[in-house]
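Worksheet: one structure, shown below.
We did not get these values from a lab; they are worked out from the coordinates using the rules stated. All values derive from a computational prediction rather than experimental measurement. When we count neighbours, we look across all protein chains shown, and the Cβ atoms used for this are built from the backbone with ideal geometry, even at glycine.
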Amino acid sequence: MWVQDNEIYRLQKQAPPWFAGGFGHCDRIADFVYWARQPFFSVDELTCLSIGFDPRQEIAKRIDAITAKDPHFQYQSVKFLIERHQLLTRQFNPNGYEKRVRPADFLRWVDRMEFEVHPDFLALLRKYHGPEQQRSPSRPLPKQDRREVDTIAQLFTAMAIDQLGYNPRSARSSVPREIAELASEMGLSISDDTVRKFLKLGASFIPDDWEPHNG
């Protein structure tokens, strides 16, 4: 029995954690293309997807119940899933309000923490939700398109100033995140950086002597 257990341990150390835990089985693998296109995720969904496991599997719906069990009666693969779920919960939903996690926020955290994610899922997340320069090579806009973008950016910035109190003279502002979160609630995936980029573009046309209204 010890020899068998030792062999299993050796294989677990060699294989990626999602395969070592049995979560890479073909009947349980997630549809990465479908899930990577989602505008937001729950922590439970991200826990499963980060190891390539389909969040619609029955075990995925019972993570909280599994977590509450005596740890002495949990398999190593289940402990691995639970620990990953706890880490993501503390980062993205510490207050337990079923908070939606935006793909762009998850990607930034993954890069900062060097958090291991199933490579197929991670690649598609970067493709659909990563910074624009990573998604596809940019092409110069025709002159007419450039004028239209400038005009739209000016309108966008003017509305942000009037409706959300955006101050283009301020070094820091929560408005880009507010706009990105509003877009996420509508099912749109727009990063804070993209919002900030167009706010700055629109603000660049504001006269130097302009001052924000107080009150």
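Can you tell me which residues in segment 77-92 are among the polar types (S, T, N, Q) and within 13 Å of the chain's Cα centre (by Cα)?
Q91
Among the residues of segment 159-182, what is the count of those that are closer than 12 Å to R102 by Cβ and touching a helix residue (DSSP H, G or I) at 6+ places or on another chain (Cβ under 8 Å)?
Of the residues in that region, 2 qualify.
Exactly one condition in (1) more than 16 Å from F40 (Cβ to Cβ); (2) within 25 Å of the chain's Cα centre (by Cα) is false for P168; which is it?
With (1) more than 16 Å from F40 (Cβ to Cβ); (2) within 25 Å of the chain's Cα centre (by Cα) applied to P168, the lone miss is (2).
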